[in-house]
2 protein chains.
Amino acid sequence: MAAFDLDTIRHSSAHLMAQAISRLWPDLNIQFGVGPVIESGFYYDVEMDHKLSEDDLKSIEDEMKKIIKEKLPIERKVLEKEEALTFFKKEGQDLKVELINSLPESEEISCYQQGEFIDLCRGPHVEKTSDLPMAFKLLHVAGAYWRGDEKRQMLQRVYAACFKDRKELKEHLHFLEEAKKRDHRKLGKELELFHFEKVAPASPFFMPKGARIYNELVDFMRRVYREYGYDEVITPQILDSDLWQTSGHYDHYKENMYFSNIDEKEYAVKPMNCPCHMLMFAHYKYSYRDLPLRYADFGRLHRYEKAGAVAGLTRVRTFCQDDAHIFIEMEGIQKEIQKLMEMFFICYKHFGFKNIKVNLSTRPEKKAGDDATWDKAEEALKQALDASGHEYSIKEGDGAFYGPKIDVEISDALNRYHQLGTIQLDFQLPERFNLKYTTSEGTESRPVVIHRALLGSLERFIGVYLEHVAGAFPFWLAPEQAIIVPVNNATHLEYAQKLNTDLHNLGYRVRVDDRNESMGYKTRQIQKSKAPFMLVIGDKEMENDSVSIRSYGAKFATSISTAELKEKFLELNKERIPVELQKA
Amino acid sequence: MAAFDLDTIRHSSAHLMAQAISRLWPDLNIQFGVGPVIESGFYYDVEMDHKLSEDDLKSIEDEMKKIIKEKLPIERKVLEKEEALTFFKKEGQDLKVELINSLPESEEISCYQQGEFIDLCRGPHVEKTSDLPMAFKLLHVAGAYWRGDEKRQMLQRVYAACFKDRKELKEHLHFLEEAKKRDHRKLGKELELFHFEKVAPASPFFMPKGARIYNELVDFMRRVYREYGYDEVITPQILDSDLWQTSGHYDHYKENMYFSNIDEKEYAVKPMNCPCHMLMFAHYKYSYRDLPLRYADFGRLHRYEKAGAVAGLTRVRTFCQDDAHIFIEMEGIQKEIQKLMEMFFICYKHFGFKNIKVNLSTRPEKKAGDDATWDKAEEALKQALDASGHEYSIKEGDGAFYGPKIDVEISDALNRYHQLGTIQLDFQLPERFNLKYTTSEGTESRPVVIHRALLGSLERFIGVYLEHVAGAFPFWLAPEQAIIVPVNNATHLEYAQKLNTDLHNLGYRVRVDDRNESMGYKTRQIQKSKAPFMLVIGDKEMENDSVSIRSYGAKFATSISTAELKEKFLELNKERIPVELQKA
C-alpha cells in the first residue's frame, strides 16, 4: 500500500461514505452537496427523503467496510464543463450541477469513479478503496443549510472521525467521550451550577453553587489585584450614545450593542467598560507620579451575539470580565507589559493550565488611527514581549480596531487550546477623550491606555475551567468543600453538627447530610457532587475526636484527628492565592 | 403678647416678608403668588423684574425687623368675590386675581392688611407686626413654576427659616450648617468617592475609594448572610417582556423600565430581581425540607426616575440592593419575620443608627390579587411583628401592589429619619409563576415569597451613611485605614515602607505619604481625607519599633509599639461583623 497522507485518506473516505449511502438507499433520489476534510475526519452533506438515524450510521459504516474489501480502483476523469453538466444533470445531482456552474470557465473539471459511484472532485485520492484504513467512525448527523445560506434547503450533514489507524481513532474516540463527559453544559446542570431560561437567551442563571464559584473567582482576582496595585471602580451600565460616538464604538461596534431611549435620547447598554474609565481619568488631574493608574472593573457587559452563535457559557450575551485599564506613560509600557506577563503566567499556572501560547495580533483592515501610530504601538508590544522572554507568534491583521494586542491561549486537560487573556495597547481612546497628565517636567502629555483581562469573561472561564477539572474543583474553589455524614443520626448527628459549626466558623463551606438514606446511597451522591471531601462520623470517630475522611475520587477513607483535619484544610485553603503571591 | 402658635407666626412672617419686598422695590410691578408655611419656616413666590441676591435677602430681613418695630396692626377684611377681583386687578396682582377666580363661588374671601400692605389670605394671623418674634432667617432663593406648571412663568421662591425664639432658630441654623457640611454629594466629591457624568444621568461613577466602601458593604452583607442561611445567586439583567407580563411588572411598573428590542422581540432591563428568582425556584423540584430557601442577589437594577426627581446617591436610576427572596411555607412566616427583625436590628445597631421605627404598610388602591389574600397576608405580618416585640405603626394603603410590607426607618446623627429596610410578603408571584413544593405529607403546595432588603439600595445607603458619619468611616469600612508618614524621607522612608508592607500583608488598606511636603501640610491633608489613623515615623519610632499614632479628629498623637498597633488594628477589624454574630 502506497503511503497516502491523512487528508487524502479522509477525503477518499468521504467518497466511500457517499457511495455506501447510495448503495443502501438505491430507490431514493439522493443529492450530494460537499464532503470536505475537517480537523479530525470529514463530513458529507446529503439531501434525501429519509432521516438518517444512529442505526443507519452503523449500516453505512458496514457498507463502507464492504466496499473497502471490494478493492475498487479509484479513477480520475477530466471532463469539459458542458460534458460534466450533462452527466450530473442526467444523474439528477442538482447540487453538483450548481457547483459546476459556479466554477470559473477556465477551471479543469475532474471526477473520481469507484465502481458504480462517480463524484465531482478535485482530488487527489487513494488508488483503490482497499488503500483506506478501517479507522473511521460515523459520529452524528446535524442539519446544515446548502451553501450555509439560511434561505436554501436544509441538508443532513454526516460527521465522521477518520484516522490513519485504529489506535489513533481509538484515542480520538476516547477524547470525544471524555469531552462529552466534561461538557460544561452537562456538568453545569448535573452539579446545579447554572442553567438557561427561554426569557433570557444566552444569559446564564447561576444557582447558589455556581454563584459561589463565580464570587470566589472575583475574590481571587481581587487578591491578585491587591498585590499588583490595581484599584477597583464601579461604573454605570447604560450611557448616552454621545459617549459611544466619542469612543468610536458607535461606528465600529454598533451591531453588537443594545439601545434604549430615555427622555427622548438614545442610550446604549455598555458592551465594554473602557469609555467609563476614560471619563474617570478625565474627571481628575493626574501627574506622572500617579501613573501607572490601574482601574479594575467587574462591571456587567452586554454584547449581542446571533442566536446561532451562542453556546453554553462559552459564548453568551452577558458577562463580567476581570477587566482593567492601565493609564501609563509611553516610557512605562515595556515594564508594565512584563509585569502583566508575570501576573498572567502565575495565575494560569495556578489554575493548572500547562501550556501557554502567546500571540501578538497586529493591525486589522478595519481600523481607527493612522499607520504611524500603529507602527509605534506594535513596536512597543514586540519589545516588551522580547524582553519578557516568552515565545510568541505573530497574528497579522488580528488586532482590535483601536490597537494591537497580545492574546494568551492556554491548553486544558484534554489539550484543547482556549484564548483567555488579552492585553491591548490603545493610542486611540486617550486621543478621543483628550486625556492628559502632567509630566515630571511640568508639561502636559497624553497617557497610553492598556486594556487587559486575565481570565477574560468569567462566564466563559467557568465553562473552560469546569471542563478542565471535569467538575472537580480544587478545595479553595469548590462550592461545597466537605460534606459531613453521621453514620447514625440517633447517635452521631449532634457531634456531626458540632464539627459542621466549627468548620463553618473557620470560614469553610460545609454541610451535614442527615437524610434518612443508606451510607452507600449518600456516598454515591456525594461522589457525584464532586465535593473534595466526605467526612464520616461514627462511634470510633466520636471517641477519638477524629473523622473518617475520603477525598473525591478516592476508593478508601482514612482516619485523621479533627485537629489534623483543620490543619489540612488550612493548608489547602492557602491555594486561594498563588504560591508566588503568598505572604509569610 | 398673646400666645400665637408657630404656624400662625410663620404665616404672618410670610406676609411681613412680602410687605418688606414691596417697600424695597416700590417702582417695580411685583406680583405675589402663594406664601405657605413649611416644615421649618415659610416661603413666598414672587415675580419681579429684579433677580434677588444674597445681599437683597439681608436688606429684606432688615426691612422686616423695621416693620415689626412699627407695631402695625394686622386687620382682617371680608370681601365679595367681585369686590376682591376689582381690588387686586387695580393693584396689578394678576396672580392673586387668578387665585380668586379659582375659588369656589360660595367661598368667603378674606384679606389681611398691615399698614399699606394688603394680601389675600384665609388667616389666621397675629394681631400686630410686633407680635412676631425676630427669629427668622431668609435662607435662599430658588426658581419655581407658577402653580407648579412647567408651562407657566418661573417665579422666585424665597425660603425662610422661622421659629418661636432666637434659640430655636439658632439650633435650626446649626443643623442646616451641619447638614450642608455632611451633604453626601459634597463629601463624595471631597473624599473622591464618586461623581456623576453628563452621559449617565443619576448613575454614579464610584472611584477607587468609593468602590472600596461599596465592596466592603457587599462583603459585610455576605458575612451576615452566611450566618443567616442565605445563598447568593447571579441572574441576567435583560429579559424578555413575556417575563414581565407574567410577573405583573409590565402592567404595574412599565413606566419605570427601560426597553430594548433584540431579534425583533421586546426585552426589558430588570428593575427588580424577583422574577428571575421565581424562574429559578420553578426550575428545580423542592420539598418542605429545602424551605425556607433564601436567594440573595446583588444584581444591578435600573429604574427610570424623572430628571427632576433624581438627587445625589439618594435617588438614582441604577443601583444594587442587598436583595433577597425567601421561599417559605405558610406556617414558617412568623418565625422567619422574627429572624429578619433580629437581623435588621443587629445590623442597624452595628452601623450606629440609634432610633429604629417599624411601619406596617397595608394594601394600596392599585393592587393585584383579591381582598381575601390581602387579609391573610396582612394578618400574618401583624402576628409576626406582635411576636417580635417591636413597636410599629400602621401605614394604611402604603403597601406594594403585590402585597403588604414592613418598612424600617432609622434616624441618623442629625436625627433625620431614612427608610432603609423592607420586608414584603407576596402571595401573588408564587401564583403567577405557578410555584410548587412538596409538603411533608407528599402533597403539592404553593410557597409564600418574602422580598427583603436590609440596607436597601447600596447607593442610597452609602449616601445616608456618609452623612451619618460625616465622611469619617469606621476602621473596617474606611477606604484608607491608615496613612504612614516618614518625618524625613532620607532616613525614615525605608522603615515606613516596611511597616506599610507588614500592614498590607495583614490585609489592611494603608499607604505611605512620601511626598516632599511639610509635616503640617501632610497632617492637614490626612485629616481632610478622614482616614482613621495617621502613623508618623521618626527617629524615636525607628529606635523603639513603634509608631506615633493620631486618630482622626484627635488633637494629639500618642506613641505605641508596632505590636500594640497590630493588636489594635486586629481588634478594630473585628467590627467587620456585628458583635452578636462574631465567633469565638
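Okay, here's what the table says:
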{"read-out": "Hits in region A:19-51 (condition: closer than 12 Å to A:ALA160 by Cα and either charged (D, E, K, R) or touching a strand residue (DSSP E or B) at 6+ places or on another chain (Cβ under 6 Å) (or both))", "value": "A:GLY35, A:GLU39, A:SER40, A:GLY41, A:PHE42, A:TYR43, A:TYR44, A:ASP45"}
{"read-out": "Leading residue by the ranking (nearest to the other protein chains (Cβ to nearest Cβ)) among those in region A:314-332 that are in a loop (DSSP other than H, G, I, E, B) and modelled with pLDDT under 95", "value": "A:THR314"}
{"read-out": "Every residue from region A:496-543 that is basic (Lys, Arg), in contact (Cβ under 8 Å) with a residue 24 or more places away in the chain and part of a helix (DSSP H, G or I)", "value": "A:LYS522, A:LYS528"}
{"read-out": "Members of region B:55-72 that are in contact with a strand residue (DSSP E or B) (Cβ under 8 Å, 6 or more places away or on another chain), among the aliphatic types (A, V, I, L, M) and part of a helix (DSSP H, G or I)", "value": "B:LEU57, B:ILE60, B:MET64, B:ILE67"}
{"read-out": "Helices (runs of 4 or more DSSP H) within region A:192-265 that include 1 or more residues surrounded by fewer than 21 Cβ atoms within 10 Å (Cβ to Cβ) and at the interface with another protein chain (Cβ under 9 Å from one of its Cβ atoms)", "value": "A:208-228, A:241-247"}
{"read-out": "Output for region A:129-163, where each listed residue is touching an Asp or Glu at 6+ places or on another chain (Cβ under 9 Å), surrounded by fewer than 17 Cβ atoms within 10 Å (Cβ to Cβ) and among the basic types (Lys, Arg)", "value": "A:ARG147"}
{"read-out": "Selected residue (criterion: nearest to the chain's Cα centre (by Cα)) from residues of region B:148-166 that are without any contact (Cβ under 8 Å) to a residue 12 or more places away in the chain and not in a loop (DSSP other than H, G, I, E, B)", "value": "B:GLY148"}
{"read-out": "Scope region B:167-191; condition within 14 Å of another protein chain (Cβ to nearest Cβ) and either without any contact (Cβ under 8 Å) to a residue 40 or more places away in the chain or aromatic (Phe, Trp, Tyr) (or both); matching residues", "value": "B:LYS189"}
{"read-out": "Candidate set from region B:266-294 (those that are assigned to a loop (DSSP other than H, G, I, E, B) and charged (D, E, K, R)); member that is farthest from the chain's Cα centre (by Cα)", "value": "B:LYS285"}
{"read-out": "Candidate set: region A:550-573, residues that are modelled with pLDDT under 95 and not hydrophobic (A, V, I, L, M, F, W, C); chosen: the one farthest from the chain's Cα centre (by Cα)", "value": "A:LYS555"}
{"read-out": "In region B:460-518, residue nearest to B:ALA211 (Cα to Cα) [restricted to those that are more than 22 Å from the chain's Cα centre (by Cα) and among the aromatic types (Phe, Trp, Tyr)]", "value": "B:TRP476"}
{"read-out": "Sole exception among (1) surrounded by 23 or more Cβ atoms within 10 Å (Cβ to Cβ); (2) of a type in the set (Ser, Thr, Tyr); (3) out of contact with any His (no Cβ under 9 Å at 6 or more places or on another chain) for B:THR438, by number", "value": "(1)"}
{"read-out": "Flag for A:TYR304 being assigned to a strand (DSSP E or B), within 11 Å of chain B (Cβ to nearest Cβ) and touching a strand residue (DSSP E or B) at 6+ places or on another chain (Cβ under 7 Å)", "value": "no"}
{"read-out": "Matching residues in region A:14-29 - criterion: being within 13 Å of A:PHE117 (Cα to Cα) and either among the acidic types (Asp, Glu) or assigned to a helix (DSSP H, G or I) (or both)", "value": "A:ALA14, A:HIS15, A:LEU16, A:MET17, A:ALA18, A:GLN19, A:ALA20, A:ILE21, A:SER22, A:ARG23, A:LEU24"}
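Yes/no matrix, rows are residues, columns are (1) surrounded by fewer than 18 Cβ atoms within 10 Å (Cβ to Cβ); (2) of a type in the set (Val, Ile, Thr):
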residue: A:VAL510; (1), (2): no, yes
residue: A:ASN516; (1), (2): yes, no
residue: A:MET519; (1), (2): yes, no
residue: A:ILE526; (1), (2): no, yes
residue: A:PHE533; (1), (2): no, no
residue: A:LYS540; (1), (2): yes, no
residue: A:GLU543; (1), (2): yes, no
residue: A:SER548; (1), (2): no, no
residue: A:SER551; (1), (2): yes, no
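One line per residue, one yes/no per condition, for (1) buried (at least 21 other Cβ atoms within 10 Å of the Cβ); (2) within 12 Å of chain B (Cβ to nearest Cβ):
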position: A:SER287; (1), (2): no, yes
position: A:PRO292; (1), (2): no, no
position: A:PHE344; (1), (2): yes, no
position: A:HIS350; (1), (2): no, no
position: A:LYS354; (1), (2): no, no
position: A:ASN359; (1), (2): no, no
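The values are calculated or read from the model by the stated rules, or taken from the named source; none is laboratory data. These numbers were taken from a predicted model, which means no experiment stands behind them. Cβ sites come from the backbone with ideal geometry, for glycine too, and all protein chains shown count toward neighbours.
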